[in-house]
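To start, the structure itself, in structure tokens.
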Amino acid sequence: MSNELLMLKQSIDEIVELAEEAKNEPRDDYNNGKRLAYIETLSILKRTLIPLSIEPEELGLDFDIDKRFA
């Protein structure tokens, strides 16, 4: 894996971790917005990988983002 892909994977891993934390926080407008921002960020990254011929699985995005964090 190239250095660039490794850095991207590390960033994605960090966003996933933050989304997991946000998922477990109390449901209020602030936390719901924070969780939605992480979901949208991961969704955009996942959609961007496909045209670049990078499999989402390579970077740890081999799951349904909405189901996992909604």
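Per-structure values
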| item | result |
| --- | --- |
| Simple spin-label estimate for N3 and I50 in nanometres, 7 Å along Cα-Cβ | 3.2 nm |
| Straight-distance crosslink candidates among lysines, where the alpha carbon sits under 19 Å from K67 and sequence neighbours closer than 8 are dropped | K23, K34, K46 |
| Where the chain is the region considered: accessible area per residue in Å², 1.4 Å probe | 68 Å² |
| Calculated diffusion of the chain, Stokes-Einstein form, Kirkwood radius summed over Cα pairs, 37 °C and 0.692 mPa s, µm²/s | 262 µm²/s |
| Cβ-based net charge around L5, under 13 Å, with every Lys or Arg adding one and every Asp or Glu removing one | -4 |
| In degrees, nearest ten, helix 29-49 long axis to first principal axis of the chain (Cα) | 10 degrees |
| Helical contribution to [θ] at 222 nm, DSSP H n ≥ 4, -39,500 (n - 2.57), averaged over the chain, rounded to 500 | -22000 deg cm²/dmol |
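The values are calculated or read from the model by the stated rules, or taken from the named source; none is laboratory data. Keep in mind it's a predicted model, so treat the numbers as computed, not measured. Heads up, the Cβs are rebuilt from the backbone with ideal geometry, glycines too, and the neighbour counts pull from every protein chain shown. In case anyone asks, the SASA skips ligands and DNA or RNA and just uses the protein heavy atoms, side chains included. Shrake-Rupley method; radii C 1.70, N 1.55, O 1.52, S 1.80 Å.
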